[in-house]
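These notes are about the structure you will find just below.
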Amino acid sequence: MSVTLGRRHEKRWGVLFTCLTTRAVHLELAASLTPASMIMALRRFIARRGKPAVIYSDNGTNFKVANKELLQACEECYEGMKSESFRKYIKWKFIPPGAPHMGGAWERLVRSIKIALTATLKERSPREEVLHTLLLEAEHTVNSRPLVTFSMDSPEEGLTPNHFLLGRSCGDRPPGLLLERHLAGQPNWKAAQRLADHFC
């Protein structure tokens, strides 16, 4: 994705984490595709959601190098206590090379979010803060999807990932009705909210 910084445009990347049990999604914004940027995105995820026991991913170079760096740092930290080192370490499992279908659980979510963000941004390059807000709003929208089929006539609401994260299916409603004119001018919360409305 492209963001506006002053008079220039820079690229940013989205990092998607999904729980294979609750199907909840967590989105982070990364400044680059380097292993260091990947590790920082992972640390932000852990700070907000807790440490996973196992991470599954494809064989991206940045993932492989990040795993190697984290394992090395963990071994140095617990030198002389190898069993403790591996107990504290996140087990990182990679799908076989050339088998992207084995990552179908997260690839489908990546595709859904990518299509929606492309349609929402439509060649726009918002400020970084606006893009970050949009990603979090998109995360909330995706986590509001029902996990099981349910009757629309039923007074009960369907189970969503947000039930596991928030204890309810949905957060607050947006404050007021926001229009296309809010996308022009100074970037502010109204622009971010209007883009999020497009995402829905």
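Out of the residues in segment 41-69 that are of a type in the set (S, T, N, Q) and surrounded by 13 or more Cβ atoms within 10 Å (Cβ to Cβ), which is nearest to residue 102 (Cα to Cα)? Talk me through it step by step, then tell me what you get.
At the first step, the residues of segment 41-69 found to be of a type in the set (S, T, N, Q) are 57, 59, 61-62, 67.
Checking which are surrounded by 13 or more Cβ atoms within 10 Å (Cβ to Cβ) leaves us with 57, 59, 62, 67.
Details: 57: 10, 59: 12, 62: 19, 67: 19 Å.
By that ranking, first place goes to 57.
So which residues in segment 159-184 are assigned to a loop (DSSP other than H, G, I, E, B), crowded, with 16+ Cβ neighbours inside 10 Å and modelled with pLDDT under 80, if there are any at all? So that I can check it myself, show each step before the final result.
Residues of segment 159-184 that are assigned to a loop (DSSP other than H, G, I, E, B), as a first pass: 159-160, 166-179, 184.
Applying the additional criterion that residues be crowded, with 16+ Cβ neighbours inside 10 Å yields 160, 169, 178.
Hits for segment 159-184 are 169, 178.
When residues in segment 30-84 are screened for being of a type in the set (Gly, Ala, Ser), modelled with pLDDT under 85 and assigned to a loop (DSSP other than H, G, I, E, B), 1 of them pass.
The values are calculated or read from the model by the stated rules, or taken from the named source; none is laboratory data. What you see is a predicted model, and the numbers here were worked out from it, not measured in a lab. No Cβ is skipped: glycine too gets one built from the backbone with ideal geometry, and neighbour counts run over all protein chains shown.
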